[in-house]
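Written below as structure tokens is the structure these notes are about.
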């Protein structure tokens, strides 16, 4: 557009000529341009003001709409919604393989006090101390009259105690609903279940958290608020109960200070029962001892955490490996002249077996010398690899929080001497659970099995360790140990028990050598030996059998009878039919069922 | 003739001030302000009693103070609204200078009342927040500068106003008070927009902000987390925002009932920054919409009246005042509704607070003074056949 100049020369010159004031012309032009600008600015501003108005109006609409949306949403659980991370008391049940309850939550109450609202703190403290004898009246009174505005009195109370506290009638005493963990079977499977306690606590609920065992291992699964299905373990409550009863009896008969036992399915790896004595009641879990040996605490799980030199039960592994490698056959004669010396070290047998024994007899009669000679043929790398493939070099992977603490103790330097001693179960410490896994692999046709506490639906298909033929042969040898070897007290009519005994001198706690009179007696085996279904391991700590003229400590006299009784009790519960040849019932006609 | 109708209000000798004021004032907006103040007192009765009890004062201590300050604010509003725009401009510029000095002295003499930001002067019986008083003066000054900048041979008003804005925003940012700083920046932007900012420039600025935001969001995990946290539907219920959201939910459409609300007991700022949460809980969405409607009415009516205004200064000042006032309210309510990130800002006339009330009164007084009906030269248009395009 063309702009008119403020001082158009032509007009100014003319005005000068005519004697007019040129300033007036400029002022007039300025005024005109001003008006023009104003009109333009006003029109532009009009549009922009409208835009502003629309913007503002839509902002009002947005905010109002948003308010309406928030106001229209439902308030879910108004007070619980105040906490971002609500305390969830929920914890799923734990049941055994047949659905019997092992652990469950029940409703209870906690008692707490708000001293500012108390009417008569002295009376409340006196009455509370009467209801709960373990509480100190002075302590309560001090809490109630001090600065504190909130005092937990009891974390959980019985209905009767609840009523009694209610009857005190003090408005400063309040009840907080919460759930508690109940183990209805008491000490049954205590070490497996572990126990529970309270995590974060609020007055409206409290977290029930696992402190040990499967409770702790499956913490997240059990506490998952969306989970309603119980956790199904592989345990069988009846088998576990029978086993614990037999083990308890055996432990006192054999004057042992501790005992453990495992029954495991050789195909699936399911633990049917596992116990360690002494045990405890998870409803009232004792404190972890601060002094003394942790291994003597009832909390200690000998079956999993107790790593011992298990002795002759290990002989199954070099024998099986030698058969598998084709180094020997069952009838190969092995030199058993003793003592066998290796450097400064001497290997002795429990008794002299003469100049030589067949491989079979080395196993059945448990010759240390013979086993050591077989191990020499195998050599260090192959022995190590074999034990590794059976899981003996690392902790078991069972679903318990304590599993990593059951780490085997390996020789620092796997020397030739280690090769010899490990072959008969010294120099390498492992837990009874390791041994159960190893025996299962030997007995089930030769494949690796890892122990599990969860119910399985099908057999494990693990790595092959030995051939089925060798496995059959080993099962036969284990059976022979019972029929004509060291475990003759282990015969249970109809169930074809087979196994291997082990009596290991306990190493001195202070180090250096072994006790003469303290042993770990172990009987590990399978039943029925013709087609093994279950593997068992029974371990007694420092047993001594005193019925004879002199104290007997060997496994054949201690662990074997206990194991036999255990099989006698549990095999029917496991649904095995006894292979008993019944005398013909002449004169009786059997009708169909 | 044109000088007579332009710019200045023609003054007839003997024309009494008050009847003329009553004839020309925007009575609807004024009524809205009175209603807002009434709602503020009503909410104060509910929201401030727990605080008074906590502080060991008479239960209605804050309500009494609020009505005293509110009375002063209303008087200030009426007096200011009776002034001519030129007088308003002079006083506002003086007021701006005074509050600017006060703002600059805050770091030396101010107090933070334990809230972590130095925003107040403690006068013993009351406290004084310079930034509240700065806003109306600032808006009028900027409007004046911009209007002058449009005159032929005028000063570079836009540049000067930008410089002043930068200094003020800097002073507010060191308190720190980013909410007020953003508001000041925003009101300058609005006035610049109405004064005729080039569209191209606006689009470039918008594009740069968008690109920078996207870049920051994709590159900076921290920034992205802040934005995600703000956008996420869940809010930590233990924060003030969480309590406010919960209160709005509790209130629903019709509220839990007068005096039945709980949020005022848990929120420390229930009587100031989060008064809207108290309103939403006790009286429901209805009252929130009423409050929003009142603010909306004031702003939209003022903008509508300013559409006809021909004087650049009055138009700019009016738009700036209306938008500052309305935006402050929108920010306050938007924070509670979680449309905007949390910023401490009072709700004009409704929140408790002496400085906020009186400054609000002055501001609305100025706004009313700007939006008074004036001859806009319609007769001149008819005579000279202009302005009818």
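Looking at the range A:216-224, is at least one residue more than 18 Å from the chain's Cα centre (by Cα), surrounded by 17 or more Cβ atoms within 10 Å (Cβ to Cβ) and closer than 25 Å to residue A:404 by Cα? It would help to see each step written out before you state the result.
Here is the first cut: in the range A:216-224, the residues more than 18 Å from the chain's Cα centre (by Cα) are none.
Looking through the range A:216-224, none of the residues is more than 18 Å from the chain's Cα centre (by Cα), surrounded by 17 or more Cβ atoms within 10 Å (Cβ to Cβ) and closer than 25 Å to residue A:404 by Cα.
Which condition number does residue B:362 fail, the rest of (1) at the interface with another protein chain (Cβ under 10 Å from one of its Cβ atoms); (2) modelled with pLDDT of 90 or more; (3) more than 10 Å from the chain's Cα centre (by Cα) being met?
Here residue B:362 meets the rest and fails (1).
I'm told residue A:529 meets every condition in (1) buried (at least 21 other Cβ atoms within 10 Å of the Cβ); (2) at pLDDT below 90; (3) closer than 23 Å to residue A:421 by Cα except one. Can you identify the failing condition by its number?
Going through (1) buried (at least 21 other Cβ atoms within 10 Å of the Cβ); (2) at pLDDT below 90; (3) closer than 23 Å to residue A:421 by Cα one by one, residue A:529 breaks only (3).
Would you mind stating whether residue B:282 is closer than 26 Å to residue B:53 by Cβ and within 11 Å of chain A (Cβ to nearest Cβ)? Reasoning before the result, please.
On the way: closer than 26 Å to residue B:53 by Cβ: yes; within 11 Å of chain A (Cβ to nearest Cβ): no.
So residue B:282 fails the test.
Being at the interface with chain B (Cβ under 7 Å from one of its Cβ atoms) and either modelled with pLDDT under 80 or more than 13 Å from residue B:151 (Cβ to Cβ) (or both) is the filter; apply it to the range A:39-52 and report the residue that is nearest to the chain's Cα centre (by Cα).
A:52
Tally up the residues in the range A:438-465 that are in a helix (DSSP H, G or I) and within 19 Å of residue A:236 (Cβ to Cβ), please. Give the derivation first.
Taking the range A:438-465 and keeping what is in a helix (DSSP H, G or I), we get A:438-443.
Next, only the ones that are within 19 Å of residue A:236 (Cβ to Cβ) stay: A:440.
Total meeting the criteria: 1.
Exactly one of (1) in the same structural domain as residue A:180 (by TED's automatic domain parsing); (2) assigned to a helix (DSSP H, G or I) is unmet by residue A:226. Its number?
Only one criterion is unmet by residue A:226, namely (2).
Filter the range A:1-37 down to the residues that are surrounded by 13 or more Cβ atoms within 10 Å (Cβ to Cβ) and in contact with a helix residue (DSSP H, G or I) (Cβ under 7 Å, 6 or more places away or on another chain), then identify the one that is farthest from the other protein chains (Cβ to nearest Cβ).
A:15
If you check every pair at least six apart or on different chains, which have Cβ atoms under 6 Å apart with a residue in the range A:82-96 that is closer than 22 Å to residue A:229 by Cα first and a residue that is modelled with pLDDT under 75 second?
Cβ pairs passing all conditions: A:86/A:80.
So which of A:63, A:70 ends up being farther than 30 Å from residue B:309 by Cα, at pLDDT 80 or above, at the interface with another protein chain (Cβ under 10 Å from one of its Cβ atoms) and in a helix (DSSP H, G or I)?
Of the residues listed, the single one that is farther than 30 Å from residue B:309 by Cα, at pLDDT 80 or above, at the interface with another protein chain (Cβ under 10 Å from one of its Cβ atoms) and in a helix (DSSP H, G or I) is A:70.
For the range B:232-309, please list each of the helices (runs of 4 or more DSSP H) lying entirely inside it that holds at least 1 residues being at pLDDT 80 or above.
Output list reads B:240-251, B:275-307.
Hey, which of the helices (runs of 4 or more DSSP H) in the range B:143-222, taking only ones fully inside, have at least 3 residues that are surrounded by 14 or more Cβ atoms within 10 Å (Cβ to Cβ) and touching a residue at least 12 places away in the same chain (Cβ under 8 Å)?
By residue number, B:157-173, B:178-194.
Scan the range A:107-115 and tell me whether some residue there is under 19 Å from residue A:176 (Cα atoms) and in a helix (DSSP H, G or I).
Taking every residue of the range A:107-115 in turn, at least one turns out to be under 19 Å from residue A:176 (Cα atoms) and in a helix (DSSP H, G or I).
Which one of the conditions (1) surrounded by fewer than 20 Cβ atoms within 10 Å (Cβ to Cβ); (2) outside the structural domain of residue A:192 (by TED's automatic domain parsing); (3) part of a loop (DSSP other than H, G, I, E, B) does residue A:245 fail to meet, given that it meets all the rest?
Looking at each condition in turn, residue A:245 falls short on (3).
I want to confirm something. Restricting to the range B:250-274 and keeping residues that are closer than 18 Å to residue B:292 by Cα and within 14 Å of another protein chain (Cβ to nearest Cβ), which single residue is surrounded by the most Cβ atoms within 10 Å (Cβ to Cβ)?
In this case the residue turns out to be B:251.
Report, by residue number, each residue of the range A:401-413 that is in a helix (DSSP H, G or I) and exposed (fewer than 15 other Cβ atoms within 10 Å of the Cβ).
A:404
So, in the range B:306-352, of the ones that are surrounded by fewer than 23 Cβ atoms within 10 Å (Cβ to Cβ) and more than 10 Å from chain A (Cβ to nearest Cβ), which residue ends up farthest from residue B:49 (Cα to Cα)?
Result: B:313.
Quick check: anything in the range A:190-203 touching a helix residue (DSSP H, G or I) at 6+ places or on another chain (Cβ under 9 Å), surrounded by 21 or more Cβ atoms within 10 Å (Cβ to Cβ) and over 16 Å from residue A:281 (Cβ atoms)?
No, that holds for no residue.
Mind counting the residues in the range A:270-296 that are under 15 Å from the mean Cα position of the chain (by Cα), over 16 Å from residue A:185 (Cα atoms) and outside any strand (DSSP E or B)?
Number satisfying all stated conditions: 0.
Please work out if residue A:77 is more than 9 Å from chain B (Cβ to nearest Cβ), over 28 Å from residue B:289 (Cα atoms) and either part of a loop (DSSP other than H, G, I, E, B) or modelled with pLDDT of 85 or more (or both).
Criteria not met by residue A:77.
The values are calculated or read from the model by the stated rules, or taken from the named source; none is laboratory data. Model, not experiment: these values are computed from the prediction. Cβ coordinates were reconstructed from backbone atoms using ideal geometry, including for glycine residues, and neighbour counts include every protein chain displayed.
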